[in-house]
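Q: Let me begin by handing over the structure; questions about it come next.
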Amino acid sequence: MPVNEFVVRVGGDTLEGGIIRTGEFLAHALARCGLEVFTFRTYPAEIKGGQAMIQVRTAERPIYSHGDDVDILICFDEEAWEIHRRDFNPYGVLIYDNKFQPRNFPGTAFAYGFPFSEIAKVRLRNPVSKNMVILGAFSALFSLPKEVFEQLIRDYWGRRGEKVVNANITALNEGYEEGKKVEKEDQYRIEVRPMRDRLILSGNEAICYGAIAAGCKVFAGYPITPASDILEWMMEHLPHFDGTPLQVEDEIAAIGAVLGASFAGAKAMTATSGPGFSLMTEFLGHAAMAELPCVIADIQRAGPSTGMPTKSEQSDLYQAVYGGHGDVPRVVLAPSTVQGCFYVTVHAFNLAELCQSPVVILSDQSLAHRTETIPPIDLEKIIVIDREIYDPTFHSENGDSYRRYRLSETGVSPMSIPGRQGSYTAEGLEHDEFGHPNWEPENHMTMSEKRFRKLELAIRYGEFYPGFEGFRWYGPREADVGVIVWGSTAGAVREAIELAEQDGISVAALHVSMLYPLHREVVRRFINSMGRVLLPELNFTGQFAHLVRGETGLDVVSYTKVTGVPFKVREIYEAIKELARETVAVR
Amino acid sequence: MAVSAEVREKYKSELKPIWCPGCGDFGVLTATFMALGNLGLNPEEVVIVSGIGCSGRFPAFTTAYGFHSLHGRTMPVALGVKAANPNLTVIAVGGDGDTLAIGGNHFMHACRRNINLAYLLLDNNLYALTKGQASPTSLPSQTTDSTPYGSYENYVEPCALAILYGATFVAREFSARARKLADVIAQAVQHPGFALVHILSPCVTFFDTYDLYKQQIKELPPDYDPTDMHLALQYSTDMENRWVGVLFKTYKPTFEERIQSIREKSMQRYQSVTLSDMLNRRRV
């Protein structure tokens, strides 16, 4: 639909400058026109140079994925055209710098060439203003009110002074005049709608806000793509929230410091990506053994090893669920939206405190660095759970010493905090209730049961946080095709099942956000209620499919992809259609 | 100053040390009780963090809070404890493998951060808990089960390393001199900043160095100036005479002070901005 519903992509070499900012500005401008936006970006792993792109999808209704085809493509250079033309809608619009001529241009599409570089360099003598020239032209071409961009420029550069603001507005106007000269042939345009109350945030930012809302007081991290911006945000902001951020020497130190802080009574977290998470694995086991609450956000990227640092994948699930020697209880949560990143982080802290266990958040590159318009977050409604603290006046020890690891029905034992009565040693060795090293056969059995018993509390977390389910069932209770999905792939699945329903296919989806412990009964019921069940995920081996099969004893059809970019809605839709055909044929 | 057995009892846990009779670590434990007694510290305000090895079992033998962490990882854990609550007294205990092999990286960064804690390096010149393999401080003359033909690596001297890494207090003592050791541990605990106490703590089972160190150790000359870094390096690296006492001492802002100043700067920059304000600023 050409009015208010399309996908814009901006591509070019980062040496050209301003590619990502062009997209970010556009996203904000569209949001201020009362539309929903959803961005997706990839950037080169090189320090300078290499192709970057940002995609902005807009619509009047909620958006769950970044969109399959590019309707409006803005190319800074020829290489960008060559890369992005494969995703270009053959009836779309290309806006390009006419220092090059696009080859193999589809006759059905529209192309508007402008001398953007020349205008910025020669006419304005301000090469970095090229992106504003482009946005000016965009404004004229698609009726996006120029004032919206002007206000954005003031909001963005106001602090830098009038001169900077004026230079950018001049560039915007210059582009606008160029745009007006064009004889527009395409149908795409914007109609301003009433402003909606929306926040515009990225996934990683939402994790930071969620951590603060949950009461995070210590953050420790080490730079790694695509999690570094969480470290940077924490280094800037945690101190004025009365916390201590630490940039340490490696990821082992990061989780070590998190556990030390947790032991001393602070809520603490670290954020990393696959390689860093690998290094943390030994301490993950220690956290489980010593029963220390902690939160690890793993912003997944394509692996194994160094892999593709700037590309997206959902391939750390095995590591998150099974990583570590010995039997290591932990909770694994996966957000699927920017809003989800906020709430999942709150839940992660709550579950860590409730179960005195490590909690892993599995986000990924695409989710981390996309921005979305989301409804405002009501902080008043956030429930913050704190660990059960040992209080000698309430927890009588009958003259006995304090039992840090006292056996209990839930498996949780009240924890004492240094500086208060109830000293003990947090122990990585197997230990008895007092925390004293102990390798009696029955004791290891009993203590293993105690530690794993706590995971039942995680399954019951909805009792502590009304509204939390750990999964969401979309569509009918019974259908020919079911789709089980986790993480950032959930958005494409939601749109794909809508398309399939429109085509008369009987389909339902189960989005699982608590991956471990798994709500086994729900997943089993879902699989048993569907003809066939598809499980799409961005990894090679079908990691969640393995987990689901192992936990439920039921089969699913694994659908995997490792191209470094998220699923397209169409890909999942086609897979659903194929399964539906097979199911109906069998019937 | 001697401390009565009664005071020492206050810090002694119900667990009996698992160390071999005659192990140097007993001397360190007693000296630590004496130091804590002398300083009048409440065991519940003290956190003892350890790694893995014979020294790793140290915290459980005290009534202080303990954190028996992973091999080589005492420093990150101690850093986290201090980040969460700078008012706690933190004593880290590590062996020579803990500190200089698997945890060598953390040791460097802990020194340069100048975290306000005392680090007791219990050096027995080998891995004893795993029954006698070579460590970074194995002596050139020493053969072990893992170096049957002698060592093929050079000895690494922890005091000199700590000085160059940026530690602000570096001392050496011998575990057999409990009172002197207690005094130096007390000084290390009181020092504002990273304080290393390199303790020669013989392993009676796999490499008994009591006689060797009795011959080799020498107290620093009375006119020794611990603020002279070059002198400190020279005395630290002398392998003929193992000098004991406070080798090096200087003052730099501590980790805790720097964190406090960052917090003040951040408060100044963001005044009383709340999370709700920050979210509101992200409104479309």
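Each value in this text was obtained by applying a stated rule to the coordinates, not by laboratory testing. Everything numeric here is computed off the predicted structure, so don't read it as measured data. Please note: Cβ atoms are built from the backbone with ideal geometry, for glycine as well, and neighbour counts cover all protein chains shown.
Q: By the scheme Lys and Arg +1, Asp and Glu -1, what is the net charge of all other residues having a beta-carbon under 10 Å from that of B:Arg73?
A: -2
Q: Now for a different question. Counting pairs of alpha carbon atoms under 8 Å apart in space and at least six apart in sequence, what relative contact order in percent does the range A:6-180 give?
A: Contact order relative to length: 20 percent.
Q: Cut-off 19 Å, label point 7 angstrom out along Cα-to-Cβ of B:Gln271: give me the residues of the range A:149-171 whose amide nitrogen falls inside.
A: Flagged as within label range: A:155-156, A:158-161.
Q: Alpha carbon centre of the range A:450-495 versus the range A:315-383: separation in Å?
A: That distance is 13 Å.
Q: Would you list A:Thr337, B:Thr63 from fewest to most Cβ contacts within 10 Å?
A: Ordered from fewest to most neighbouring Cβ atoms within 10 Å, A:Thr337, B:Thr63 come out as B:Thr63, A:Thr337.
Q: OK, next. As an exercise, use a Förster radius of 51 Å and the Cβ-Cβ distance of A:Arg160 and A:Glu571 to find the FRET efficiency, rounded to the nearest 0.05.
A: 0.70
Q: Which order do the peptides B:79-90, A:466-477, A:238-249 take when ranked by the mean count of other beta-carbon atoms within 10 Å per residue, highest first?
A: The densest-packed peptide leads the list: B:79-90, A:238-249, A:466-477.
Q: Angle between the Cα long axis of helix A:146-157 and the longest principal axis of chain A, 0 to 90 degrees, nearest 10?
A: Computed tilt is about 50 degrees.
Q: What does the extension gain come out to for A:Asp391 and A:Glu409, with contour length at 0.36 nm per residue minus their alpha carbon separation?
A: Taking A:Asp391 through A:Glu409 to full extension adds about 4.6 nm, to one decimal.
Q: Something else now. Report, to the nearest 10°, how far helix B:178-190 tilts away from the longest principal axis of the Cα atoms in chain B, using its own Cα long axis and a range of 0 to 90°.
A: 20
Q: What nm distance separates the two modelled labels at A:Glu440 and B:Asn280, each placed 7 Å from Cα along Cα→Cβ?
A: 6.0
Q: Counting only DSSP beta bridges with both residues in chain A, tell me the antiparallel percent, nearest 5.
A: Approximately 35 percent, going by the DSSP bridge assignments.
Q: Now for a separate question. What is the distance, in nm, between label points placed 7 Å from the Cα along the Cα-to-Cβ direction at B:Ala176 and at B:Thr130?
A: 2.9
Q: Could you give the length gained on full extension between A:Phe100 and A:Ala585, defined as 0.36 nm per residue of separation minus the Cα-Cα distance, in nm?
A: 169.4 nm
Q: On average over all directions, what projected area in square nanometres does chain B have, based on the convex hull of its Cα atoms?
A: For chain B, averaging the hull's shadow over all directions gives 18.2 nm².
Q: Now for a separate question. Of the listed peptides B:176-183, A:519-526, what is their order by residue-averaged count of other C-beta atoms within 10 Å, with the highest listed first?
A: Result, highest mean Cβ count within 10 Å first: B:176-183, A:519-526.
Q: Here's another thing I want to ask about it. Using alpha-carbon positions, what is the distance between the centroids of the range A:61-120 and the range B:1-66, in Å?
A: Cα centroid of the range A:61-120 versus Cα centroid of the range B:1-66: 71 Å apart.
Q: Identify, among A:Met235, A:Leu201, A:Tyr222, the residue whose Cα sits farthest towards the positive end of the charge dipole of the range A:192-269, taking +1 on the Cβ of Lys and Arg and -1 on the Cβ of Asp and Glu, with the dipole about the Cα centre.
A: Highest projection toward the positive end goes to A:Leu201.
Q: Here's another thing I want to ask about it. Distance in nm between label sites at B:Glu264 and A:Arg193, each 7 Å beyond Cα in the beta-carbon direction?
A: 5.1
Q: Let me ask something else. For the peptides A:509-515, A:79-85, what is the packing order when you average, over each peptide's residues, the other Cβ atoms within 10 Å and list the highest mean first?
A: The most tightly packed comes first, giving A:509-515, A:79-85.
Q: Given only helices, namely DSSP H runs of n ≥ 4 each adding -39500 (n - 2.57), what is the per-residue ellipticity at 222 nm of chain A, to the nearest 500 deg cm²/dmol?
A: The helix contribution divided over chain A gives -11500 deg cm²/dmol.
Q: Count the DSSP beta bridges whose two residues both fall in the range A:471-586, then state the antiparallel fraction as a percent rounded to the nearest 5.
A: If we restrict to bridges inside the range A:471-586, about 25 percent are antiparallel.
Q: What ranking do B:Cys20, A:Cys216 get, fewest neighbouring Cβ atoms within 10 angstrom at the top?
A: By the 10 Å Cβ count, ascending: B:Cys20, A:Cys216.
Q: Sticking with this structure for a sec: For A:Ser408, what is the net charge nearby, where nearby means another residue's Cβ is under 11 Å from its Cβ and Lys, Arg count +1, Asp, Glu -1?
A: Every neighbour counted, the sum reads +2.
Q: Taking Cα atoms, how many degrees apart are the long axis of helix A:203-214 and the longest axis of chain A, rounded to 10 and kept between 0 and 90?
A: 40
Q: Still on this model: Using only helices, what value at 222 nm comes out for chain B when you add -39,500 (n - 2.57) per DSSP H run of length 4 or more and divide by the total residues, to the nearest 500 deg cm²/dmol?
A: Dividing the helical sum by the residues of chain B leaves -10500 deg cm²/dmol.
Q: Here's a follow-up. Compute the relative contact order of chain A as a whole-number percentage, counting only Cα pairs closer than 8 Å that sit 6 or more residues apart in sequence.
A: 11
Q: Restricting attention to the alpha-carbon atoms of the range B:138-202, what are Rg (one decimal) and Dmax (integer), both in Å?
A: Final numbers for Rg and Dmax: 14.8, 44 Å.
Q: In addition: Using a 10 Å cut-off around each Cβ of peptide A:233-242, what is the average number of partner chain Cβ atoms that fall inside?
A: Averaged over the peptide's residues, the number is 5.
Q: Taking every residue in B:45-52, how many Cβ atoms of other protein chains lie within 10 Å of its Cβ, on average?
A: Mean shielding count: 3.
Q: Rounded to the nearest 0.05, what FRET efficiency is calculated for A:Asp327 and B:Lys16 with R0 set to 35 Å and r the Cβ-Cβ distance?
A: 0.75
Q: Give me the inter-chain shielding for B:59-65: mean count of other chain Cβ atoms within 10 Å, whole number please.
A: Per residue, the number of nearby Cβ atoms from other chains is 5 on average.
Q: Give the order of B:Met34, A:Met195, A:Met235 when sorted by the count of other beta carbons within 10 angstrom, beginning with the fewest.
A: If I rank by nearby Cβ atoms, fewest first, I get A:Met195, A:Met235, B:Met34.
Q: Gap in Å between the Cα centre of the range B:196-264 and the Cα centre of the range A:151-226?
A: 56
Q: Remind me, relative contact order of the range A:70-147 in percent, using alpha carbon pairs under 8 angstrom and six or more residues apart?
A: Relative contact order comes out at 22 percent.
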